[in-house]
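Note sheet for the following structure.
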Amino acid sequence: MPTTLELASQLRDQFPDLISAPTEFRGEVTLVVADAERIAEVCGFAKAKLGFDMLLDLSSVDNYGNDPRWTVVYELYGLGSNVHLRLKTDVSEEKSELPTVCGVWRTADWHEREVFDMMGIRFSGHPDLRRILMWDGYPYFPLRKDFPLAGKPSVMPESAFTRSAPLEGGPFITSTSTEGATLREPRSRNPEN
């Protein structure tokens with residue numbers, strides 16, 4: 001059975017000017033695809049020729065304040081070889097679009113819809129790109145770093161809160177206190193941030 005590094009090297013050999021050298025951290029291998037417009041081509045080869053027959057996850061990272069603004073992350077898995085490979089590609093705020101990989105893995109449908117709904121990144125060629133968590137017409141993208149933690153007031157009182165809903169908990173550490181979560185969260189105490 002080939003190792004993840006061997007498969008990553010084969011993928012890089014197929015696209016030498018497009019894919020970075022593999023990086024390994026804590027046993028996980030990552031490749032960076034330089035041109036987001038060719039991500040579907042790279043993923044198609046990874047599935048057809050290298051056996052990455054499962055898309056475990058597709059997510060995005062907001063690099064707010066930097067250009068390109070977003071990094072889209074594809075977590076690939078080979079069921080037969082039991083190997084995991086991560087692909088990353090960058091998307092600028094100006095473009096904020098890249099090709100869909102729904103033609104490679106059907107499961108990308110929901111993953112791409114979630115990234116569109118939460119970050120505002122569009123996927124050209126997607127068969128049904130519409131919001132999956134927020135309601136149609138919602139004008140914001142809640143996982144962007146410039147979205148306020150205190151939330152935004154809703155204009156749809158029948159289907160959502162009519163006042164800002166504070167973020168309760170989350171992936172950050174707050175100070176210990178008996179006060180409510182909104183007062184413990186660092187950006188709530190300093191609204192300029």
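The values are calculated or read from the model by the stated rules, or taken from the named source; none is laboratory data. Computed from a predicted structure; not experimentally measured. Glycine gets a Cβ as well: all are built from the backbone with ideal geometry, and neighbour counts include every protein chain shown.
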- Unmet criterion (only one of (1) within 27 Å of LEU5 (Cα to Cα); (2) surrounded by 14 or more Cβ atoms within 10 Å (Cβ to Cβ); (3) touching a residue at least 40 places away in the same chain (Cβ under 8 Å)) for CYS102: (3)
- Note on the structure: Among (1) surrounded by fewer than 17 Cβ atoms within 10 Å (Cβ to Cβ); (2) among the hydrophobic types (A, V, I, L, M, F, W, C); (3) more than 20 Å from VAL91 (Cα to Cα), LEU11 falls short only on (1)
- Message: Looking only at the range 44-72, filter to residues that are aliphatic (A, V, I, L, M) and either exposed (fewer than 15 other Cβ atoms within 10 Å of the Cβ) or under 17 Å from the mean Cα position of the chain (by Cα) (or both); which one of those is farthest from SER9 (Cα to Cα)?
- Response: VAL61
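Tell me the residue from GLU97, GLU24 that is in contact (Cβ under 8 Å) with a residue 12 or more places away in the chain, more than 20 Å from LEU143 (Cβ to Cβ), surrounded by fewer than 20 Cβ atoms within 10 Å (Cβ to Cβ) and not aromatic (Phe, Trp, Tyr), please. Outline the logic, then answer.
On the way: GLU97 fails: more than 20 Å from LEU143 (Cβ to Cβ).
Just a single option satisfies the conditions, and that option is GLU24.
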- Query: Does ALA36 qualify as being within 18 Å of HIS126 (Cβ to Cβ) and touching a residue at least 24 places away in the same chain (Cβ under 8 Å)?
  - Reply: yes
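Would the range 6-15 turn up any residue that is part of a loop (DSSP other than H, G, I, E, B) and either closer than 22 Å to GLY125 by Cβ or free of Cβ contacts under 8 Å to residues at least 24 places away in the same chain (or both)?
Step one: list which residues in the range 6-15 are part of a loop (DSSP other than H, G, I, E, B), which gives 15.
If we keep only those that are either closer than 22 Å to GLY125 by Cβ or free of Cβ contacts under 8 Å to residues at least 24 places away in the same chain (or both) as well, we get 15.
Within the range 6-15 (the criterion being part of a loop (DSSP other than H, G, I, E, B) and either closer than 22 Å to GLY125 by Cβ or free of Cβ contacts under 8 Å to residues at least 24 places away in the same chain (or both)), the answer is yes, since at least one residue qualifies.
So which of GLY120, GLY125 ends up being within 18 Å of TYR64 (Cβ to Cβ) and modelled with pLDDT of 70 or more? Working first, answer last.
On the way: GLY125 fails: within 18 Å of TYR64 (Cβ to Cβ).
Being within 18 Å of TYR64 (Cβ to Cβ) and modelled with pLDDT of 70 or more holds for just one of GLY120, GLY125, which is GLY120.
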- Message: Condition first: part of a loop (DSSP other than H, G, I, E, B), modelled with pLDDT of 70 or more and within 29 Å of ASN66 (Cβ to Cβ). Can you find one or more residues in the range 167-185 that meet it?
- Response: no
- Scan the range 83-102 for residues that are closer than 13 Å to PHE52 by Cα and either touching a strand residue (DSSP E or B) at 6+ places or on another chain (Cβ under 6 Å) or at pLDDT below 95 (or both) and jot them down. HIS84, LEU85, ARG86, LEU87
- Task: Inspect the range 73-93 for any residue being in a loop (DSSP other than H, G, I, E, B) and without any contact (Cβ under 8 Å) to a residue 24 or more places away in the chain and give the result as yes or no.
- Result: no
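I'd like the residue in the range 83-141 that is among the acidic types (Asp, Glu) and in contact with a Ser or Thr (Cβ under 8 Å, 6 or more places away or on another chain) and, out of all such residues, is farthest from ASP57 (Cα to Cα).
Step one: of the range 83-141, the residues among the acidic types (Asp, Glu) are 90, 93-94, 97, 109, 112, 114, 117, 128, 136.
Cutting the leftovers down to in contact with a Ser or Thr (Cβ under 8 Å, 6 or more places away or on another chain) gives us 90, 97, 112.
On the way: ASP90: 16, GLU97: 18, GLU112: 10 Å.
Per the stated criteria, the residue is GLU97.
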- Query: In the range 73-89, which residue that is among the aliphatic types (A, V, I, L, M) and crowded, with 17+ Cβ neighbours inside 10 Å is farthest from MET118 (Cα to Cα)?
  - Reply: VAL83
